[in-house]
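Okay, structure first, notes after.
Where a number appears in this text, it was derived from the coordinates with a stated rule and is not lab data. Bear in mind the structure is a predicted one, so any value in this text is a computation, not a measurement. All Cβ positions, even for glycine, are placed from backbone atoms using ideal geometry, and neighbour counts span all protein chains on display.
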Amino acid sequence: MKKLRLFFLAFILLALILQTTVVDLFRVYSIKPDLVLLVVIFLGFMYGKRDGMLAGFLGGLFSDLAAGSYIGLNIMSYLAAGYLAGMGKNNFYKDNVFVASVICVIGTLLSQLVYYLLLLFLIVDVPVLHGIKIIVGVALYNGFLTLILYRWFYMFFISKGYLKDVDV
Amino acid sequence: MVSDNYKKILIVAIVITLAIFMIRATHLEREITVPEIAFKYIFTPFQMAVVAIENAGKSGISFLISLKDLAEENKKLKEEVRQLKSELAKMEEYKIQNRRLKELLQYKEFTIDNYDLISAGVIGRNPSNWFSTITINRGMQDGIKPDMTVLVPEGLVGRVVIVHSNTAEVLLITDPRMGVGAVVQQTRLPGVVRGVTGSCERLKMLHLPKDTQIKRNQVVVTSGLGGVYPKGIRIGRILKAYNDPSGLFQIAEVEPFVDFKRLEYVFVVTEVYNPEINLLEGME
């Protein structure tokens, strides 16, 4: 189990390194995907609410530390996404990329909405239309990336023997 | 069962309250904490390694592209050199004339000599879509301090907000938390340039007087007001202007001169020798 948590950590950190370096090159209409959130949602969907929240907390904490301000913003938004994705664990087929993609879109929408609401609370000026553009844009981008990445991610954990209880 | 639910709600409420308190307490302009220093210390080398690979990849790709058109480019360049040589002689003449006229007008020209600059590489970017900050590979040990101006030859990039021993966080002008005192170069209309959330290609210039004409392609430069940024650094060009909701002012949409998506190297202004330099006429 400890080894599994180490894989969690490794994937989150790898996603964060890519997120803070090369991901900016792949902006579409100024929107970039959120790779850390993607990993959090994948882990939540595969391992349930508890692990989803753990991944959300770690991913959020490291993202906040990398951003250098408002520590807690990403923790809260990723926690919500990890919890929501975890709710899908026992209700949907985990080996279906389209299901994973829909879960990812919904999880990202929730996460970014929480982020937006917290920003309003902090009195950071974000016009509503810009807020919607980011929330929907990131959700669609993440949903699209899920179609490409989820299968590989899922098979990795199967191959390591950490998803034995799943119907493949 | 009911008390269990209450317990859960209570825990969630406490967590949210604590998180909000922490978020508010950790705004940009504050003393950095030990965990943040430790995280940066461990995390930065990995970012540097990825950025080095990214830059090497970019150079490799552009080299391969350039190979394809090499012969044609060589021919073009030779032709250009011939043209430029003849223009150079003319320029020398103009230069002497220009210097003489400037002496007559006591005009102070913008040159890079007026600043002490440190070059820095961009090693990280803000992970979220909501804010715009970058991490540079220069810090306290290189003499970097908060509020120093960061620029590139194309224009203003932002200002330093957090300084670590070997790295620093720079708040970009595209961040919604940023406000830069600015003027329209041609008309001297003052205003404040602000970042637009989720956009690295647009800025807004606020508080422009309503009864004035603002034209497309007019250039916006720093005004020097506020004392953070030196006067006259280019920011962007105006795309359009419209009335703000209150009806008292105009808002101009500004396209920044800097390509923030492909920012690799920047300059940090460590010293301004003559803060009163008026660059407004110097940067046509």
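Between beta-carbons, use under 10 Å as the cut-off and find the net charge around A:V138, counting Lys and Arg +1, Asp and Glu -1. Display every interim value, and only then the final one.
Values: positive: A:K32, A:K133; negative: A:D34.
Around A:V138, the surrounding residues sum to +1.
What's the magnitude of the charge dipole for chain B around its Cα centre, counting Lys and Arg as +1 and Asp and Glu as -1 at the beta-carbon? Answer in Debye, nearest 20.
With only Lys, Arg, Asp and Glu charged at Cβ, the dipole is about 520 debye.
Please compute the net charge surrounding B:H207, taking Lys and Arg as +1 and Asp and Glu as -1 over other residues with Cβ under 13 Å from its Cβ.
+2
Using only the Cα atoms of the range A:72-126, what do you get for the radius of gyration and for Dmax, in Å?
Taking only Cα atoms of the range A:72-126, I get Rg and Dmax of 13.2, 42 Å.
Report the rotationally averaged projected area of the protein assembly as shown based on its alpha-carbon convex hull, in square nanometres.
Numbers: hull surface 111.1 nm².
Result: a mean projected hull area of 27.8 nm².
Please identify, among B:E92, B:E169, B:E31, the residue showing maximal mean-square fluctuation in a Gaussian network model of chain B using a 10 angstrom Cα cutoff.
B:E92
Cut-off under 21 Å on the C-alpha distance; same-chain residues fewer than 8 positions from B:K215 excluded. Which lysines are left, in chain and number order?
B:K204, B:K240
Among the lysines, which have Cα under 26 Å from the Cα of B:K95 when same-chain residues fewer than 8 positions away are ignored?
Those lysines meeting the cut-off are B:K78, B:K85, B:K108, B:K231.
What average number of partner chain Cβ atoms lie no more than 10 Å from the Cβ of the residues making up B:130-137? Can you show the working numbers first?
On the way: counts 14, 7, 0, 4, 2, 5, 0, 0.
Shielding by partners across B:130-137 averages 4.
Among B:F21, B:F39, B:F63, determine the one that fluctuates most according to a GNM of chain B built with springs between C-alpha atoms less than 10 Å apart.
Residue with maximal mean-square fluctuation among B:F21, B:F39, B:F63: B:F21.
Any idea what the dipole of the protein assembly as shown comes to, in debye rounded to 20, about its Cα centre with Lys/Arg Cβ at +1 and Asp/Glu Cβ at -1?
Result for the protein assembly as shown is approximately 820 debye, rounded to the nearest 20.
Can you check what the net charge comes to around B:V180, using other residues whose Cβ is under 10 Å from the Cβ of B:V180 (Lys, Arg +1; Asp, Glu -1)?
+2
Cα gyration tensor of the range B:1-154, axes a ≥ b ≥ c as square roots of the eigenvalues: rounded (a/c below 1.5), prolate (a/b > b/c) or oblate?
Prolate.
For the range A:21-53 and the range A:139-158, what is the centre-to-centre distance using only Cα atoms, to the nearest Å?
Between the Cα centres of the range A:21-53 and the range A:139-158 lies a distance of 10 Å.
From the residues A:G52, A:T21, A:G137, which one has its Cα farthest along the dipole of the protein assembly as shown in the positive direction, the dipole being from +1 and -1 charges on Cβ of Lys/Arg and Asp/Glu about the Cα centre?
A:G52
Going toward the positive end of the dipole of the protein assembly as shown, with +1 on Lys and Arg Cβ and -1 on Asp and Glu Cβ, which of A:F62, B:A168, B:P256 do you reach last?
Projecting each Cα onto the dipole axis, the largest value belongs to A:F62.
Just round it to a whole percent: the fraction of Cα-Cα distances in the range A:4-126 exceeding 25 Å.
The answer is 19 percent, as a whole percent.
Normalized C-alpha radius of gyration of the range B:179-260, against 2.2 N^0.38 Å?
Normalised Rg, Cα atoms only: 0.99.
Anything in chain B that counts as a DSSP H helix reaching 20 Å or more along its axis (C-alpha) with Kyte-Doolittle mean of at least -0.5? List them, would you?
On the way: long enough: B:2-25 (35 Å, 1.47); B:34-68 (51 Å, 0.83); B:70-105 (48 Å, -1.23).
Taking the DSSP H segments of chain B (at least 20 Å long, mean hydropathy at least -0.5), we get B:2-25, B:34-68.
Evaluate peptide A:109-121: per residue, the Cβ atoms of other protein chains within 10 Å of its Cβ; return the mean as an integer. Walk me through the numbers before you get to the answer.
On the way: counts 0, 0, 0, 3, 0, 0, 3, 2, 0, 6, 5, 0, 3.
Mean inter-chain Cβ contacts per residue within 10 Å come to 2.
Can you give the Rg/Rh ratio of chain B, where Rg is from the C-alpha atoms and Rh is the Kirkwood radius?
Taking Rh as the inverse mean 1/r over Cα pairs, Rg/Rh reads 1.07.
Looking only at B:L203, B:L64, B:L239, which one moves most when chain B is put into a Gaussian network model with springs between Cα atoms under 10 Å?
Its mean-square fluctuation being the largest, the pick is B:L64.
Would you work out the charge dipole size for the range B:179-260 about its Cα centre, treating the Cβ of every Lys and Arg as +1 and the Cβ of every Asp and Glu as -1, and quote it to the nearest 20 debye?
180 debye
Cα-Cα over 26 Å: which of A:K32/B:K8; A:K89/B:K8; A:K2/A:K32; B:K40/B:K261?
Violating the 26 Å Cα-Cα cut-off are A:K32/B:K8; A:K2/A:K32.
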